[in-house]
1. Please verify whether G103 is among the small types (G, A, S), surrounded by 17 or more Cβ atoms within 10 Å (Cβ to Cβ) and over 22 Å from A284 (Cβ atoms), treating the condition exactly as stated.
2. Let me spell it out: the conditions are (1) open to solvent by 10 Å² or more (accessible area, probe 1.4 Å); (2) in a helix (DSSP H, G or I); (3) within 19 Å of G10 (Cα to Cα), and V95 meets all of them except one. Which number is the exception?
3. Is it true that D73 is within 18 Å of S290 (Cα to Cα), more than 16 Å from the ligand (Cβ to nearest atom) and open to solvent by 30 Å² or more (accessible area, probe 1.4 Å)?
4. Since K308 meets every condition but one in (1) surrounded by fewer than 19 Cβ atoms within 10 Å (Cβ to Cβ); (2) closer than 26 Å to S53 by Cβ, which condition does it not meet?
5. When you go through A67, A56 one by one, which is the residue that is over 20 Å from the mean Cα position of the chain (by Cα), buried (at least 19 other Cβ atoms within 10 Å of the Cβ) and not charged (D, E, K, R)?
6. Quick one: in the range 4-22, of everything that is touching a helix residue (DSSP H, G or I) at 6+ places or on another chain (Cβ under 8 Å) and surrounded by fewer than 22 Cβ atoms within 10 Å (Cβ to Cβ), which residue is farthest from L147 (Cα to Cα)?
7. Consider the range 159-170. How many of its residues are more than 23 Å from N72 (Cβ to Cβ) and in a strand (DSSP E or B)?
8. Of A287, A291, A267, A260, which residue is open to solvent by 10 Å² or more (accessible area, probe 1.4 Å), in contact (Cβ under 8 Å) with a residue 24 or more places away in the chain, within 12 Å of the ligand (Cβ to nearest atom) and under 16 Å from the mean Cα position of the chain (by Cα)?
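The values are calculated or read from the model by the stated rules, or taken from the named source; none is laboratory data. Computed from a predicted model, the values in this text were never measured in an experiment. No Cβ is skipped: glycine too gets one built from the backbone with ideal geometry, and neighbour counts run over all protein chains shown. Side chains are part of the model used for accessible areas, which takes the heavy atoms of the whole protein and leaves out ligands, DNA and RNA. Shrake-Rupley method; radii C 1.70, N 1.55, O 1.52, S 1.80 Å.
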Amino acid sequence: MMQTHIIGVGGYLPEHVMSNDDLAKVVDTSDEWIRERTGITQRHIIAKDEYTSDLATRAGAQALEDAGLSINDIDAIVVATTTPDMIFPSTASMVQHKLGGKGFPAWDIQAVCSGFVYGLAQVDGMMRGGMFQRVLLIGAESMSRILDWQDRNTCVLFGDGAGAVVLESRDDEGGIIGSVLHCDGSYRDLLLAKHAHPGASPHNNRLDLNTDAAGVAAVEMKGNEVFRFAVTKLGEVVKEVLEKYDVQQSELDWLVPHQANIRILNATAKKLGLSTEQVALTVAKHANTSAASVPLALNDIYRAGKVKKGQVLLLEAFAGGFAWGANLVRWSK
Ligand code: COA
């Protein structure tokens with residue numbers, strides 16, 4: 001039976017590192033508060049002349065190199081991002097061009113921090129259906145560009161970066177076991193970026209000459225409520241994906257979670273009976289890189305040589321929307 005396998009992994013973080021102490025010079029916060037409440041110690045910030053597509057291109061190039069492939073071996077590029085270079089064309093089309101590809105399809109998907117988990121589910125379905133043999137899937141974000149740097153409730157939480165995988169469809173055991181996805185749009189007001197630049201929302205109505213809203217970017221969040229909902233729903237979705245694909249909790253080797261807050265991560269790991277050593281943890285150094293956080297966490301344990309063939313990985317994420325989901329993978333590389 002044709003299965004979708006991860007055959008290459010890559011990641012890229014912008015050079016500039018902003019520590020909690022650096023942040024405390026900009027906004028009323030402290031290293032102690034951020035560490036204790038979130039587990040974050042630093043985040044990477046995109047350079048002034050860089051774009052999300054640049055981060056994505058670097059992560060994608062590393063994943064291709066890891067797979068031993070060139071861009072000409074790829075049938076499609078999918079980029080999960082909530083911070084695209086432009087409204088259009090898609091960031092994926094720019095990445096295709098920057099990597100030297102042509103002709104094959106390239107598109108973006110938007111499920112905020114769950115973008116990579118959604119993307120893996122979508123691409124896996126298409127590959128099982130026989131549409132593509134090899135796909136480059138990337139999660140890439142420049143969250144620093146849509147933050148209100150005066151709002152300590154949000155600006156301390158996010159960072160920039162990109163992670164990527166090369167997927168291959170082949171008749172071989174292992175690979176992606178399956179996914180579950182959810183969304184509940186009624187929670188929109190708890191986590192959103194309604195003035196995100198460049199946005200096509202009514203807030204950016206350029207016909208109204210009095211508006212000064214055009215181009216203003218700001219993530220808004222009711223942190224406490226998001227926290228509670230995320231812990232509950234992630235606890236449910238990890239159980240759901242195990243049950244759906246008939247995988248026992250005791251078979252799990254790795255949790256590769258979205259990196260929003262160490263306390264949310266620990267709650268999910270505890271629910272699954274996993275030890276700290278079985279959790280891919282990058283939140284301390286990367287903060288929340290939205291759609292990039294799951295592939296960057298995967299890249300971290302992969303490059304450290306910790307993931308072994310045959311091991312079972314559970315990927316999960318929770319996002320604005322609210323949108324959440326999980327993927328089960330049997331490592332076959
Ligand atoms: N530095 C210092 N103090 C801060 C602060 C900061 N960066 N941010 C908030 N505070 C203050 C608040 O103003 C509040 O003060 P008050 O009690 O005087 O009003 C106090 O700290 C506690 O705030 P609270 O929101 O209750 O803290 P918390 O323990 O819930 O932690 C979050 C806040 C944001 C870290 C936490 O709720 C969280 O991680 N939420 C989920 C975020 C998330 O996952 N988002 C993305 C999903 S993809």
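1. When the stated conditions are applied, G103 does not pass them.
2. Looking at each condition in turn, V95 falls short on (1).
3. So D73 does not fit the description; no.
4. Status for K308: all satisfied but (2).
5. Within the list A67, A56, the selection yields A67.
6. I7
7. Residues flagged as more than 23 Å from N72 (Cβ to Cβ) and in a strand (DSSP E or B) within the range 159-170 amount to 2.
8. A260
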